[in-house]
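Colleague: I have a structure I would like to understand better, so I am pasting it below and will then ask my questions one at a time.
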Amino acid sequence: MSFLELRDVSRVYGEGANEVHALQNVNLAVERGSLVAVMGPSGSGKSTLLTIAGSLEEPTSGEVLIDGRSLSNMSHNDKARLRRRTVGYVFQDFNLLAGLTAAENVSLPLELDGTGARKARDAAMAVLDELGLVDRAGHYPDQLSGGERQRVAIARAIVGERHLVLADEPSGALDSANGEAVMRMLLTACKGGVAAVVVTHDAQLASWAERVVFLRDGRVVDQTVPPPSPESLLEPSVQP
């Protein structure tokens, strides 16, 4: 059974002559333990697909299911709870809270869901350590570089027991080494049962995925299985 499923999802903005079809009858299924990359030119609907999959935006038509539950049947509070507990989201603009340190930004979702402060901080520090940021844990977002803010955002998305990670250009502000470290972490999470969808423009990073979905003008035009890269065969116990 697919953990994430989009069924004939369409999203239309505007009306009449100004109508824009951001997504058109998109079907996508992502199993637990699977990493799917989404590629396509600018304006192809990649980011819209992620926001709809993560319940941040409603489709104009079609249905989205997470763990067999239709989002259309959920209340606003149920969706908020789902995002806190189940879905980790990496935004292009990071969306870090300026008044919180890196560690506090990462631990916040856990604390909002009832995890004790000490346990949440320990979990946050462990993830930051994996991403080489433990020495920046006490710094605020404006004291971090773009690449460091990106990694903090990724840490926040994967901390705790998330079952679905949606990442919009997670390596966009990173050099190749840190970009590969991020993909390695996502792959390790998938090997632990997480379902992940990653939007990327980088074909080399997309090769880490089990499947690559190509969007053009809001439609899925192709799906391929890339040849495995040596890094994509790493076991979860191997550290970057």
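The values are calculated or read from the model by the stated rules, or taken from the named source; none is laboratory data. Just so you know, these numbers come straight off a predicted model, no measurement behind them. As a convention, Cβ positions derive from the backbone with ideal geometry for all residues, glycine included, and neighbour counts pool all protein chains shown.
Colleague: Which numbered condition trips up V220, out of (1) of a type outside the set (S, T, N, Q); (2) closer than 20 Å to S171 by Cα; (3) touching a residue at least 60 places away in the same chain (Cβ under 8 Å)?
Modeller: Unmet condition: (2).
Colleague: OK, next. Kindly establish whether A123 is over 16 Å from G147 (Cα atoms), within 18 Å of the chain's Cα centre (by Cα) and not hydroxyl-bearing (S, T, Y). Can you show your working first?
Modeller: Working: over 16 Å from G147 (Cα atoms): yes; within 18 Å of the chain's Cα centre (by Cα): no; not hydroxyl-bearing (S, T, Y): yes.
Judged against the criteria, A123 is not a match.
Colleague: With respect to E161, is the statement that it is in a helix (DSSP H, G or I) and among the acidic types (D, E) true?
Modeller: Details: in a helix (DSSP H, G or I): no; among the acidic types (D, E): yes.
It is false that E161 is in a helix (DSSP H, G or I) and among the acidic types (D, E).
Colleague: Inspect region 231-239 for any residue being modelled with pLDDT under 90, assigned to a loop (DSSP other than H, G, I, E, B), surrounded by fewer than 17 Cβ atoms within 10 Å (Cβ to Cβ) and of a type in the set (S, T, Y) and give the result as yes or no. Talk me through it step by step, then tell me what you get.
Modeller: The initial filter retains those residues of region 231-239 that are modelled with pLDDT under 90, namely 231-239.
Now restrict to residues that are assigned to a loop (DSSP other than H, G, I, E, B): 234-239.
Narrowing the set further to residues that are surrounded by fewer than 17 Cβ atoms within 10 Å (Cβ to Cβ) leaves 234-239.
If we keep only those that are of a type in the set (S, T, Y) as well, we get 237.
Scanning region 231-239, I find at least one residue that is modelled with pLDDT under 90, assigned to a loop (DSSP other than H, G, I, E, B), surrounded by fewer than 17 Cβ atoms within 10 Å (Cβ to Cβ) and of a type in the set (S, T, Y), so the answer is yes.
Colleague: Residues of region 135-146 being part of a helix (DSSP H, G or I) and either among the acidic types (D, E) or surrounded by fewer than 16 Cβ atoms within 10 Å (Cβ to Cβ) (or both), which ones?
Modeller: The first filter runs over region 135-146 and keeps only residues part of a helix (DSSP H, G or I), leaving 135-136, 141-143, 146.
D135, D142, Q143, G146, listed by residue number.
Colleague: All but one of (1) among the small types (G, A, S); (2) within 25 Å of P109 (Cβ to Cβ); (3) crowded, with 21+ Cβ neighbours inside 10 Å hold for G192, so report the exception by its number.
Modeller: (3)
Colleague: Also: Any idea which of (1) surrounded by fewer than 23 Cβ atoms within 10 Å (Cβ to Cβ); (2) within 15 Å of the chain's Cα centre (by Cα); (3) assigned to a strand (DSSP E or B) is the one V198 doesn't satisfy?
Modeller: (1)
Colleague: Next question, about the same structure. Which residue pairs have Cβ atoms under 6 Å apart, sit 6 or more places apart or on different chains, and have a first residue in region 165-190 that is of a type in the set (A, V, I, L, M) and a second that is surrounded by fewer than 21 Cβ atoms within 10 Å (Cβ to Cβ) and part of a helix (DSSP H, G or I)?
Modeller: If the second residue must be surrounded by fewer than 21 Cβ atoms within 10 Å (Cβ to Cβ) and part of a helix (DSSP H, G or I), the pairs left are A173/G146; A173/G147; L174/G147.
Colleague: Could I ask something else about it? Wholly within region 10-81, which strands (runs of 3 or more DSSP E) include no fewer than the required count, namely at least 3 residues that are more than 19 Å from the chain's Cα centre (by Cα) and farther than 20 Å from V194 by Cα? Let's see the steps before the verdict.
Modeller: On the way: elements: 20-31, 35-39, 61-66.
It comes to 20-31, 61-66.
Colleague: On to the next question. Where the second residue is aliphatic (A, V, I, L, M) and in a loop (DSSP other than H, G, I, E, B) and the first is within 20 Å of P227 (Cβ to Cβ) and lies in region 191-209, which pairs have Cβ atoms under 8 Å and are six or more apart or on separate chains?
Modeller: Filtered contacts from region 191-209: V198/A209.
Colleague: Now, a different point. Just to be sure, is A153 small (G, A, S), over 12 Å from the mean Cα position of the chain (by Cα) and modelled with pLDDT of 90 or more? Steps first, answer last, please.
Modeller: Details: small (G, A, S): yes; over 12 Å from the mean Cα position of the chain (by Cα): no; modelled with pLDDT of 90 or more: yes.
When the stated conditions are applied, A153 does not pass them.
Colleague: Among the candidates R211, R162, R216, single out the residue that is at pLDDT 85 or above, closer than 30 Å to D8 by Cα and surrounded by fewer than 16 Cβ atoms within 10 Å (Cβ to Cβ). Full working, then the answer.
Modeller: Working: R211 fails: surrounded by fewer than 16 Cβ atoms within 10 Å (Cβ to Cβ); R162 fails: surrounded by fewer than 16 Cβ atoms within 10 Å (Cβ to Cβ).
Only one candidate qualifies: R216.
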